[in-house]
Each structure stands twice: as C-alpha cells, then as structure tokens.
Amino acid sequence: MTSTASTSTASTTAAGHTRVPTARTPGSPGRLRAWATRAPLLPALIFMVVVTQLPFVATLVISFFDWNALYPDARSFTGFANYTEVLTDPDLRKSVLTTILLTASVVIASLVIGLGLALLLDRRFRGRGLVRTLLIAPFLLVPVAAALLWKHVLYNPEYGLFNGLLHWVGGDGASQPDWISNTPLLAIEASLVWQWTPFMMLILLAGLQSRDTELIEAARMDGANNWQVFRHLTLPHLRRYLELGALLGSIYIVQNFDAVFTITSGGLGTANLPYTVYQSFYQAHENGLASAAGVLVVIGSIIIATFALRVVSSLFREEVSR
C-alpha cells in the first residue's frame, strides 16, 4: 500500500534518484510574467475609468433626480420622470427629430460625395498626392473653426463669398440672401458635409485599393464597361466600407454641438439633442433633465457603435480569409 502511494507521487530516474513533480502556485513564474506584461496598461485603464466611467455613473444617478442647480436643497428622487419628459416634451422631441434628420442627411451626402472623390483619386494622374492632401484638409480643421469659416467667410450677407459670387455673376441687381436665416438647417448640413466628406473618402479609397485587380481585368476582357464594373464588382465590394463610414459618421455627427452652436445658436429650429442638453444644463440649470437627455444620447451612440464594431470585425475576418 505504501509502495503504491509512493510510486504515484514520485517518479524514479534511470540513476535511481526520485523526482517529485512541482505544482503551480499562485506565485509561479508564468503568472508573474503575465502580470508583468499587463502592469504597464493599468495606469491607462485606471485613468480611463476615472475620466469616462465615473462621470457617466454620476450622470446616470443625477438623471433620476429632479435637481435644479438654482435650488439645490429642493432636489428629490423622481425615477424615470426625466426620461419620460425628454421623450414626451414637444421641444425635446423636436430636437430628437432634428438630430436624426441632421445626422442622416449629412452622412448620406458625405458618403455620395466621398465615393465620387474616392473613385477620382483611385485613378493615376499627375498631382494626385497634392489633390489628396487638399481634399483631406477640411477634416483636419477644428470643428469650431470650420463652422466660423462657413458662417463669416461664406454665409455672411454683406461680405460673404456666396453673395459676392452672385453679385459678380448677376451684377448690382443680383439678390443677396441671408443664407443662415433663409435655410438654417441646410446651412449647418453644408458645413458638416464639407468637413466629413474627406473622412468618408479615405474609408472608401481604402476599400477601392483593396479590390482584386485580376477580377476587374477579367471583367473588362469579357466586355464589361465602366458602369457594369462599378455596379457588379466595385459597389458590392464597397458595401462593408460604406456601412463602416455610415456608422462611424453617425456616431460623431449625432453628438455634434459645435456647428449648431456657432452658426445658429440653436435657433430657427436647428437645436439638436446635444444643444438641448446644453440649454437644459447651462441655461435652465435643470441638471436632472439634462443628464437624462445626455444618457439617451450615449445609449444611442453605443447602439450605433455596436454595429460599427461588428462591421469592423467582419472586415478583418474578410482580410484574414483572403
């Protein structure tokens, strides 16, 4: 019995020495090595939690309170009443619809124009690098600077370039419209399309340059023209890239505040949900209501981001499978 037990717990070498197997302990070198590789990431993780997650948790808690900053002692727990007001109040509901309309129109227009520019840059011509750099430049501008550029340099009814062009074409009798007053939402959309088209162009250009050139050459040898190649080969290949551009653009544009605040100050029916959050928090001092609206914006962004991550992962899988 003793012989069997000792045989099971020890192994005998050819020289007659016994070797006892060592069990892995919590302080084994493998586990210590794993912690050593993760340790440099801990400060960044802690910083991210402190800067992003803790404020969001505080916002989530405040959203359940009737809390006006002018009357801090009168705050009370109201449950989901703030969320109900955000979804039922006519002004807030209109801001939600404005946000959807602004986001959809800017994303669609940016994708269409960006696709055309990407097809142009996919061709070889002299100065292509310079043209690409100039087309990317609007996306590199600070959003507030871009909005100020459109408001004062282009839209201004007295010295703006648009009215100057009308005066140059039509003479002294040409109309000099106030672009922002006449078409406020379109004015904001145009400035955002101008700034976000380069982003869409870069994504679609990357998709165009990942096409199978042999397949396109085979289609041309079979007699396919440019439109048939684009419709049956290029467009299906770009589907994932179009989805990715639409989702990423929606994540950012749905949270846009700079253009609305700078060009129209939320007036003339252009107040979107982020601007309404600003009004509720900084002007009406309704902390609970503004927090509820902000939480809804975050939830919508997370939903869009989830689809974006799925599209990105599917693109990576397609690249790996090739």
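The values are calculated or read from the model by the stated rules, or taken from the named source; none is laboratory data. The structure presented is a predicted model; accordingly, all values stated were derived computationally and were not measured. When we count neighbours, we look across all protein chains shown, and the Cβ atoms used for this are built from the backbone with ideal geometry, even at glycine. These area figures cover heavy atoms from the full protein model, side chains too; ligands, DNA and RNA do not enter into them. Shrake-Rupley method; radii C 1.70, N 1.55, O 1.52, S 1.80 Å.
The helices (runs of 4 or more DSSP H) found entirely in region 37-125 that carry 1 or more residues being under 26 Å from Ala271 (Cα atoms) and under 26 Å from the mean Cα position of the chain (by Cα) are 54-62, 81-88, 90-121. Counting only helices (runs of 4 or more DSSP H) that sit completely within region 130-207, those holding 1 or more residues that are at pLDDT 90 or above and among the hydroxyl-bearing types (Ser, Thr, Tyr) correspond to 179-182. For region 254-273, the count of residues that are open to solvent by less than 70 Å² (accessible area, probe 1.4 Å), touching a strand residue (DSSP E or B) at 6+ places or on another chain (Cβ under 6 Å) and either without any contact (Cβ under 8 Å) to a residue 12 or more places away in the chain or assigned to a helix (DSSP H, G or I) (or both) is zero. Could you check, for region 142-161, whether at least one of its residues is over 15 Å from Ala259 (Cα atoms), touching a Leu at 6+ places or on another chain (Cβ under 7 Å), open to solvent by 70 Å² or more (accessible area, probe 1.4 Å) and without any contact (Cβ under 8 Å) to a residue 12 or more places away in the chain? Yes, that holds for at least one residue. Going by the structure shown, is Arg220 assigned to a helix (DSSP H, G or I), charged (D, E, K, R) and either touching a Leu at 6+ places or on another chain (Cβ under 7 Å) or open to solvent by less than 30 Å² (accessible area, probe 1.4 Å) (or both)? Here the answer is no, as Arg220 does not meet what is asked. Scanning region 236-246 for residues that are closer than 20 Å to Glu189 by Cα and open to solvent by 20 Å² or more (accessible area, probe 1.4 Å) yields Leu242, Ala246.
Every listed requirement among (1) modelled with pLDDT of 90 or more; (2) within 29 Å of Asn226 (Cα to Cα); (3) not acidic (Asp, Glu) is met by Gly127 save one, (1). I'm checking my understanding of the structure. Among residues of region 126-135 that are among the aliphatic types (A, V, I, L, M) and surrounded by fewer than 14 Cβ atoms within 10 Å (Cβ to Cβ), which one is farthest from the chain's Cα centre (by Cα)? Going through the qualifying residues, I end up with Leu130. Please go through region 18-54 and give me each residue that is of a type in the set (Lys, Arg) and at pLDDT below 70, ordered by number. Answer for region 18-54, where residues must be of a type in the set (Lys, Arg) and at pLDDT below 70: Arg19, Arg24. If you check Leu70, Leu54 for being out of contact with any Cys (no Cβ under 9 Å at 6 or more places or on another chain), within 24 Å of Leu273 (Cβ to Cβ), touching a residue at least 60 places away in the same chain (Cβ under 8 Å) and of a type in the set (A, V, I, L, M, F, W, C), only one passes: Leu70. Filtered by the rule that a residue be of a type in the set (Val, Ile, Thr) and farther than 9 Å from Thr103 by Cα, region 252-269 gives Val260, Thr262, Ile263, Thr264.
For (1) hydrophobic (A, V, I, L, M, F, W, C); (2) within 30 Å of Leu154 (Cβ to Cβ); (3) open to solvent by 30 Å² or more (accessible area, probe 1.4 Å), each residue gets a yes or a no:
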position	(1), (2), (3)
Trp227	yes, no, yes
Phe230	yes, no, yes
Thr234	no, no, no
Leu248	yes, yes, yes
Asn287	no, no, no
Ala290	yes, no, no
Leu296	yes, no, yes
Phe307	yes, no, yes
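It is to be established whether one or more residues within region 263-278 are in contact with a helix residue (DSSP H, G or I) (Cβ under 6 Å, 6 or more places away or on another chain), at pLDDT 90 or above and closer than 21 Å to Leu135 by Cα. No, that holds for no residue. Of the residues in region 91-111, how many are open to solvent by 50 Å² or more (accessible area, probe 1.4 Å), over 30 Å from Leu202 (Cα atoms) and at pLDDT 85 or above? Count: 1. Count of region 73-103 residues, restricted to those that are touching a residue at least 12 places away in the same chain (Cβ under 8 Å) and small (Gly, Ala, Ser), is 3.
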